[in-house]
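K.L.:
This structure is in structure tokens; I'll ask about it shortly.
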Amino acid sequence: MKQSKLQMRKTRRAKRTRAKIFGTAACPRLAVFRSNKHISVQLIDDDKSKTLLSLSSRGMKQVK
């Protein structure tokens, strides 16, 4: 399935940002996603490729 121009721009922008930002267990990366109705936030440890904590306006999910 083809991506729209907007999705392609968003993907390119995310790749540029991710090339500069790296999270560790001591200082995890914060990822925020906003939609029209909800917002979600993740704390990510890039060393282990694990999500430490995930919060959403719908509810909280803690990952071990």
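The values are calculated or read from the model by the stated rules, or taken from the named source; none is laboratory data. Since we're looking at a predicted model, the values are computed, not measured. Here the Cβ is made from the backbone with ideal geometry for all residues, glycine too, and neighbour counts use every protein chain on show.
K.L.:
When you scan the range 34-44, how many residues do you find that are surrounded by 12 or more Cβ atoms within 10 Å (Cβ to Cβ) and within 11 Å of the chain's Cα centre (by Cα)? Let's see the steps before the verdict.
P.N.:
Residues of the range 34-44 surrounded by 12 or more Cβ atoms within 10 Å (Cβ to Cβ): 39-44.
Keeping just the survivors that are within 11 Å of the chain's Cα centre (by Cα) gives 40-44.
Result for the range 34-44: 5.
K.L.:
Taking LYS2 as the residue in question, decide whether it is at pLDDT below 90 and in a loop (DSSP other than H, G, I, E, B). Explain how you work it out, then say what you get.
P.N.:
Working: at pLDDT below 90: yes; in a loop (DSSP other than H, G, I, E, B): yes.
So LYS2 passes the test.
K.L.:
Where the second residue is small (Gly, Ala, Ser) and in a loop (DSSP other than H, G, I, E, B) and the first is under 10 Å from SER56 (Cβ atoms) and lies in the range 19-45, which pairs have Cβ atoms under 6 Å and are six or more apart or on separate chains?
P.N.:
That search, which allows pairs on different chains as well, returns HIS38/SER57; ILE39/SER57.
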